[in-house]
Amino acid sequence: MTTSPRGLSRALLAAFGLATAVDLISLLAGAELGHQIAKPLLMPLLAAYAVTRGAPKPLTLALLFGWGGDVLLLSDADWAFLVGMGSFAVGHVCYLVLFGRRRTSPALGALYAAALVGTVLLLWPDLPAELRIPVAGYSLLLTAMAYRSSALGLLAGLGGALFLLSDTLIATGVAEWPQLPAPDFWVMVTYVAAQYLLTAGALRAMYGERRTTV
């Protein structure tokens, strides 16, 4: 018995939802093994779902480079953090290619620029010296992606904003600022929501609601 394309899409999206639930519950429960198992499954499942819905190549690549960053950031090694940040940066470039030259609001761009400058200035003194320049450069690219994501509509725009929030939470942890309870949970819930909304928003913008509803 063969599975229809729509049935496969549903199954992949359900698997992504299940892996997300396992990861988030594991983080809240302090079950590190569950997080180590579930986190590397998230972006491949979302990418596979996107492919079944006709995802353009830059979207698939963005998700897969996000997967690379996810896996690398499971390690506490300094080199893994830098290489993982680089993998996410390539993913942001893929997103920027996906967004193309579609128009975005100059006023929104000014707000993102102010947020970028303010955040970097506040974090700078508390970041390790060797991470200041890489974090600032990455933040510029991430903010550009978040701003340009609004070119694909509200869903993608919210996804870009949540991606910026998620990585800002990581940066405050690196700077050893006071954290929310269960900080890794908040990082992951905003990150997973960001990647899903970027995916859903991109597919809807490219193909319309019919192709993005399962």
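So the values come out like this:
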{"item": "Label assignment, P(r) over Cα pairs in 10 Å bins from 0, in percent derived from the structure, set [x] 8, 34, 36, 18, 3, 0, 0; [y] 8, 30, 31, 22, 8, 1; [z] 8, 33, 34, 15, 5, 4, 2, 0", "result": "[x]"}
{"item": "Computed E for VAL51/LEU154 - FRET, C-beta separation, R0 30 angstrom, nearest 0.05", "result": "0.80"}
{"item": "Gyration tensor verdict on region 1-56 (Cα atoms; rounded if a/c is under 1.5, prolate if a/b is larger than b/c, oblate otherwise)", "result": "prolate"}
{"item": "222 nm mean residue ellipticity, helices alone, for the chain (DSSP H n ≥ 4; -39,500 (n - 2.57); rounded to 500)", "result": "-27500 deg cm²/dmol"}
{"item": "C-alpha center-to-center spacing [region 58-103, region 1-52] in angstrom", "result": "19 Å"}
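Readers should treat all values here as calculations from the given coordinates under stated rules, not as data from a laboratory. Values in this document were obtained by computation on a predicted structure and should not be read as measured data. With ideal geometry, Cβ positions are generated from the backbone for all residues, glycine too; neighbour counts draw on all protein chains shown.
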